[in-house]
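Below you'll find the structure, written out as structure tokens, and then a few comments.
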Amino acid sequence: MPQEMARRGSTWRPDSYLMGVQALARSLLAAQAQHPLLVMYTPDSLSLEAVAALQLEACQLLPVERYVPAGHHDAGQYKLQLYGECWNKLRIWELEEQYERLAYLDADMLVLRNIDHLFALPPGFYAAPDCTAGRQSQAERDACPLFSPERPHYFNAGFFLVTPSRAELARFQSLLAAGAVRIGGYAEQDLLNEVLHGSRQEFSAPQDTWRPLPHTFNAQKGIRRHHPQLWRQHWHAVAVVHYTDAKPWQEGHSDHAEYQDLVQLWWRVFHSGRPALTGGSAARGPPPPAPSA
């Protein structure tokens, strides 16, 4: 399972997602995952100390070159400027000689339930719908991909199942160079959605169209704000929590007040592996309480 050190905070510094990957690794261990966590990173995103720390977590480390998308698109339109770093996850398509299939997870995720069974799904690209609209009106709610009556029209690229293919990556690059795809506020996520949507025959054949997973495999914490009833209804089945926007390790963030139980859950998982790795030294963050649904 690959994991890219995506730099998504409002400000970035080396190792800023280290704690996220550590917690992710510990959550996979607790879920008894049978596949290793492959950490894909650009050399300037991890210090030597961080690399050593992740090796203690039994992660496999894979340094990669920064991915520069072809063509001329305006990076200034990204919702966050640092979403430009998320292009690096496309390097996963280069790993066809090493892996038949990979599950990609963002560094700001926790795995709460074993997801190994996803590798037995029929061939294809799988992802969960994105939560793009709030609860201010029925029309807004209906516009959210979570409530699409048919196949959702947009997925979140923080979690997906993929068969690596250099030819597919070359196709992405060719479409970008030709200016054939619309890149908006979400960088590589916009590319993948447009190319794999299946609505434009020149982009993809039917067999290349993305296949939806339940949103419980990418439960963005914002779903609870926008669609609280949906969150309560399905919390018991959530396999992967996605800590979009404010990260749990960003202590004192004003956004945490609304998600205290989820932040405490993250810290509980983070602390679960820390004593054995640090010799029992004092850990940062709040004490590890029991999780709340």
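The table for this structure:
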quantity: From the options Leu169, Leu175, Leu196, residue that is over 20 Å from the mean Cα position of the chain (by Cα), modelled with pLDDT of 85 or more and surrounded by 17 or more Cβ atoms within 10 Å (Cβ to Cβ); calculated: Leu175
quantity: Every pair of residues 6+ apart whose Cβ atoms lie under 9 Å, when the first sits in the range 16-41 and is touching a residue at least 60 places away in the same chain (Cβ under 8 Å) and within 13 Å of Met109 (Cα to Cα) while the second is among the acidic types (Asp, Glu) and part of a helix (DSSP H, G or I); calculated: none
quantity: Lone unmet requirement of (1) at pLDDT below 95; (2) farther than 17 Å from Phe160 by Cβ for Trp87; calculated: (2)
quantity: Single condition Leu82 does not satisfy, out of (1) of a type in the set (A, V, I, L, M, F, W, C); (2) out of contact with any strand residue (DSSP E or B) (no Cβ under 8 Å at 6 or more places or on another chain); (3) in a loop (DSSP other than H, G, I, E, B); calculated: (3)
quantity: Matching residues, the range 1-37, being aliphatic (A, V, I, L, M), at pLDDT 95 or above and assigned to a loop (DSSP other than H, G, I, E, B); calculated: Ala31, Ala33, Leu37
quantity: Any hit, the range 106-114, residues being among the small types (Gly, Ala, Ser) and within 27 Å of Tyr67 (Cα to Cα); calculated: yes
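Matching residues to (1) touching a Gly at 6+ places or on another chain (Cβ under 7 Å); (2) surrounded by fewer than 19 Cβ atoms within 10 Å (Cβ to Cβ):
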{"residue": "Glu94", "(1), (2)": "no, yes"}
{"residue": "Glu97", "(1), (2)": "no, yes"}
{"residue": "Leu102", "(1), (2)": "no, no"}
{"residue": "Asp106", "(1), (2)": "yes, no"}
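The values are calculated or read from the model by the stated rules, or taken from the named source; none is laboratory data. All values reported here derive from a predicted model rather than from experimental measurement. As a convention, Cβ positions derive from the backbone with ideal geometry for all residues, glycine included, and neighbour counts pool all protein chains shown.
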